[in-house]
Amino acid sequence: MIFFLTFAPQFYYSMKQTVLSGIRPTGNLHLGNYFGALRNFIKMQHEYNCYFFIADYHSLTTHPTPANIQGNVKQVIAEYLAAGLDPELCTLYVQSDVPEVAELYLYLNMNAYIGELERCTSFKDKIRAQPQNVNAGLLTYPTLMAADILIHRAHKVPVGKDQEQHLEMTRTFGNRFNRMYKVDYFPEPVAFNFGETLIKIPGLNGSGKMGKSEGEGNAIFLADTAEEIRKKVMKAVTDSGPTAENQEKPEAIQNLFQLMSVVSNPDTLAYFDEQYNKCAIRYGDMKKQLAEDMIVFVQPFSEKIAEILKDEAYIIKVADQGKEKARESASKTIKEVREIIGFRKI
Ligand code: TYM
């Protein structure tokens, strides 16, 4: 009994599953990032062995300047902290502080095939969006993401719906490595959301998802002011209104209802739904209500973000502490991977 009590906490810790996820520092975090990913991170840090990072290697595909990178990385650390990530509960780090990731990326690239990389939906979207900059980093984006996940041998990866295919590819690369070297080394990571399914938060411009690069006014950021939110929501795309009772909602309208479902209370949502079904809806009123509910939701974040950003020493301390912990886990994996591959011990 005494033996059990003495060793139980440590044993319990090692039994916890590992969680990993990241966000690119390509601008402020928006409600899509929050509801698709960050909200789960905050809950998971209490239950799992968690690694959350800022994907600054990934952001290089769009060639940011050094000043851009530095500013955006600090901003995302402040946003992670403001949203409730606790560096005492999880490991919060910057991807480029852990160069072991780049080494694993190299190994995984050796058996990632050009056909499967070219078929990846996010690659096809990117070459359409930036035909003047189709670099090798874009093509091998899924192997870098697999390296992020496999470097900590993670089991669960909280992400939004748009990352589902990348997770599938990560499992392919990990399993291929296991088969190639006849080992059972990498676990099969799964995309995770506390709700039933992975989610996609829509933007305000009528179609598609909320995103940093989906056009001006499409995203509501956690750092937005009340005025910015009002302006963007009032400009959201609508139509001339339903013409028959209980008519199916077109995408732009459905998007507004979905946004309302995450920030407003259920009675508000039910009221506007009823108005829509009776053909009595006034989109102006709905947008005003949506904007006010978004402001109430976002304001505590924006105030906290501004406060944390003033304390640069704290942000650096958090990143340094995260780097130590992340490198400890990553260097253990790299050492084992090198041995499995057959390299000399270094
Ligand atoms: P990124 O930076 O585009 O987005 C970060 C997270 O936010 C989620 N997300 C959304 N969820 C719901 N609705 C939306 N409109 C929406 N927009 C963004 C994304 O699904 C993601 O979970 N490749 C990743 C970053 C990354 C990563 C990783 C993630 C790099 N390595 C390893 C997990 C594990 C990306 O570009 O996410």
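The values are calculated or read from the model by the stated rules, or taken from the named source; none is laboratory data. Quick caveat: nothing in here was measured; it's all calculated off a predicted structure. Counting neighbours? That spans all protein chains shown, and the Cβs are built from the backbone with ideal geometry, glycine included. Each accessible area value is taken on the protein alone, full model and side chains, heavy atoms only, with ligands, DNA and RNA left out. Shrake-Rupley method; radii C 1.70, N 1.55, O 1.52, S 1.80 Å.
Since only Gly195, Thr91, Gln45 are under comparison, the one whose Cα sits farthest along the positive direction of the charge dipole of the chain, derived from C-beta charges on Lys, Arg, Asp and Glu, is Thr91.
Between Glu228 and Ala280, residue separation times 0.36 nm minus the direct Cα-Cα distance comes to 15.9 nm.
For the range 226-304, the C-alpha radius of gyration divided by 2.2 N^0.38 Å, with N the number of residues, is 1.11. For the range 236-346, the carbon plus sulfur part of the accessible surface works out to 49%, probe radius 1.4 Å.
Across the accessible surface of the range 152-226, with the other protein chains kept in place and a 1.4 Å probe, carbon and sulfur atoms take up 47 percent.
For Ser264, the accessible surface of its heavy atoms amounts to roughly 20 Å² (probe 1.4 Å, protein chains only, rounded to the nearest 10). Put +1 on the Cβ of each Lys and Arg and -1 on the Cβ of each Asp and Glu in the chain; which of Val337, Tyr276, Leu259 then has its Cα farthest toward the positive end of the dipole? With unit charges placed on the Cβ atoms, the residue in question is Val337. Accessible surface comparison of Arg344, Arg338, probe 1.4 Å, protein chains only, largest first: the order is Arg344, Arg338. For the range 226-304, the dipole from Cβ point charges (+1 on Lys and Arg, -1 on Asp and Glu) about the Cα centre works out to 280 debye, to the nearest 20.
With a simple spin-label model that places each label point 7 Å from the Cα along the Cα-to-Cβ direction, the separation between Glu164 and Gln70 comes to 4.1 nm. With the whole protein complex present, Asp162 retains an accessible surface near 80 Å², based on a 1.4 Å probe. For Ile199, the residues 5 or more places off, or on other chains, whose built amide H falls under 5 Å of its own are Lys161.
Other residues within the sphere of radius under 11 Å centred on the Cβ of Pro158, judged by their own Cβ, net out at +3 (K and R +1, D and E -1). Leu256 contributes about 10 Å² of solvent-accessible surface, heavy atoms of the protein only, 1.4 Å probe. Simple spin-label estimate for Asn175 and Ser240 gives 5.2 nm between the two label positions (7 Å along the Cα-to-Cβ direction from each Cα). Taking other residues whose beta carbon is less than 15 angstrom from the beta carbon of Ala236, and scoring Lys, Arg as +1 and Asp, Glu as -1, yields 0. With contacts defined as alpha carbon pairs under 8 Å and 6 or more residues apart, what's the relative contact order of the chain in percent? For the chain, the relative contact order is 22 percent. In this entry, the chain is assigned a mean projected area of 21.7 nm², taken as a quarter of its C-alpha convex hull surface. Summing Lys and Arg as +1 and Asp and Glu as -1 over all other residues whose Cβ lies under 13 Å from the Cβ of Gly71 gives a net charge of -2.
Based on protein heavy atoms only, the chain ends up with 51 Å² per residue of surface accessible to a 1.4 Å probe. How far is it, in nm, from the label point at Lys332 to the one at Val296 when both lie 7 Å from their Cα along the line to the Cβ? Each label point is offset 7 Å from its Cα along the Cβ direction, giving 4.6 nm. Between Ala270 and Ala136, the contour length at 0.36 nm per residue exceeds the alpha carbon distance by 43.4 nm. Please report, as a whole percent, how much of the solvent-accessible surface of the range 15-77 comes from carbon and sulfur atoms (probe radius 1.4 Å). Carbon and sulfur: 50 percent of the exposed surface of the range 15-77.
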